[in-house]
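Here the structure comes first, spelled out in structure tokens, and everything after it is commentary.
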Amino acid sequence: MKAKTFHENIFTLQQGKKRFLATRNLSPGLEVYGERLVQVEQTEYRVWEPKRSKLAAMLLKKLPSPFTTTSKVLYLGSATGTTVSHVSDIVHQGVVYAVEFSPRTMRDMLPICEERPNIIPLLADASKPQSYANVVEPVDVIFQDVAQPDQASIALSNVQHFLKPGGYLLMSIKARSVDSTAKPDTVFKQQLKTLLEQDNSKLELVKKQKLAPLHIDHLGVVVKKTE
């Protein structure tokens, strides 16, 4: 098995003709969700399955990654912490503010936070950023993966509250969560219009890419806050 740098603190593991996306394990010896742990020389890696992570799928689809070792990240829709844990690996000298609305789901994520001090769990509604504004500092990156009809509006509100000038928003637009009766392309166009055409949004599109076949009817989007 060989490890190669894919991006800062993101790697690919090569085994014969097979290649896996992976992150360096911040908590060696500990799995988070049953993922495969791989030892290469003196380093332990966690295989990152793109079918279980919109962010991993976005990276494999060649959407840019703005994460650095010291990034401060606001993660909206953290669920049980599958992808959050990989972001924790990537920004191991930074911090991840993990926002989740469901108390039951948050309970499942708390053991992960106990092993990873750079994750700050927040039981809150992502559509009400003012409810956690006293905790979250200005951030370099916002990642959003929420299953709500007003995904673009939620993202925009959090950008206005927390994203630094020059920072990036990454989001996975879930067409069926926005409007299950409309064509996905119509939904994507409407959500991007909401996100980018507001007079005060100060956002510019960097890249967009559909995530099929890894995630059907999903659009990965990366935008930059210009000022």
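The values are calculated or read from the model by the stated rules, or taken from the named source; none is laboratory data. The structure displayed is predicted, hence computed values, not measured ones. Virtual Cβ from ideal backbone geometry, glycine too; neighbours counted across all protein chains shown. To get the accessible areas, we keep the full protein, side chains included, count just its heavy atoms, and leave off ligands, DNA and RNA. Shrake-Rupley method; radii C 1.70, N 1.55, O 1.52, S 1.80 Å.
Of Val87, Met1, Met171, which is farthest along the charge dipole of the chain in the positive direction, counting Lys and Arg as +1 and Asp and Glu as -1 at C-beta? Of the listed residues, the answer is Met1.
Per residue, segment 2-47 exposes 62 Å² of solvent-accessible protein surface, assessed with a 1.4 angstrom probe and all protein chains in place.
Considering all projection directions equally, how large on average is the shadow of the alpha-carbon convex hull of the chain, in square nanometres? Walk me through the numbers before you get to the answer.
On the way: hull surface 48.3 nm².
The orientation-averaged projected area of the Cα hull of the chain comes to 12.1 nm².
Centre-to-centre separation between the Cα atoms of segment 77-112 and those of segment 172-215: 24 Å.
Give me the percent of DSSP beta bridges within segment 38-173 that run antiparallel, rounded to the nearest 5.
Details: 3 of 22 bridges.
Around 15 percent antiparallel, to the nearest 5.
What is the percent carbon and sulfur in the accessible area of the chain, measuring with a 1.4 Å probe over the protein chains and ignoring ligands? Don't skip to the answer; put the middle values down first.
On the way: 5160 of 10820 Å².
Heavy-atom surface of the chain belonging to carbon and sulfur, 1.4 Å probe: 48 percent.
Across Ile120, Ile216, Ile173, mean-square fluctuation computed from a Gaussian network of the chain (C-alpha pairs under 10 Å connected) peaks at Ile216. Dipole check for the chain: with +1 at the C-beta of Lys and Arg, -1 at the C-beta of Asp and Glu, and the Cα centre as origin, the magnitude is about 880 Debye. Cross-link partners of Lys225 among aspartates and glutamates, defined as those whose alpha carbon lies under 19 angstrom from its own and excluding same-chain residues fewer than eight positions apart: Glu137, Asp140, Asp145, Glu197, Asp199, Glu204.
Listed by chain and number, the lysines placed with their C-alpha closer than 18 angstrom to that of Lys2 are Lys17, Lys18; residues fewer than eight positions away on the same chain are left out.
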